Amino acid sequence: MRKIAYLFAVAGFTFASQAWAGPQCTTEPKTKWQDAKVFEAELAKTYRIKKFKITSGNCYEIYGRDQQGKKVEIYFNPVDGKIVKQESK
């Protein structure tokens with residue numbers, strides 16, 4: 001019985017950590033990615049960026065505000081620059 005409980009606990013932690021990690025944006029090697037500083041500078045023309053980072057899901061991610069002043073969290077494909085996931089508040 002303990003083995004089954006242990007397996008459920010491990011599975012639960014695995015799924016929770018995957019859900020927390022965010023989307024998978026690309027499987028392309030980093031040599032094909034757009035330059036992060038240039039990409040961030042282009043985004044800064046449209047968004048007020050509070051934080052720009054590279055995620056473990058191989059995304060460029062920003063936290064900031066859009067042109068209407070709404071808070072945004074956006075994940076971008078670093079190869080083609082397309083939005084993969086976006087949340088606004």
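Computed from the coordinates by the stated procedures, all read-outs in this text should not be read as laboratory data. None of the values given here were measured: they were computed from a predicted structure. We place every Cβ from the backbone using ideal geometry, glycine too, and count neighbours over all the protein chains shown.
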**Prompt:** Taking neighbour Cβ counts within 10 Å as the exposure measure, how do 83, 49 sort from fewest upward?
**Reply:** 83, 49
**Amide N of the range 48-67 lying under 16 Å from the label point, which is placed 7 angstrom from the Cα of residue 24 along Cα→Cβ** = 55-60
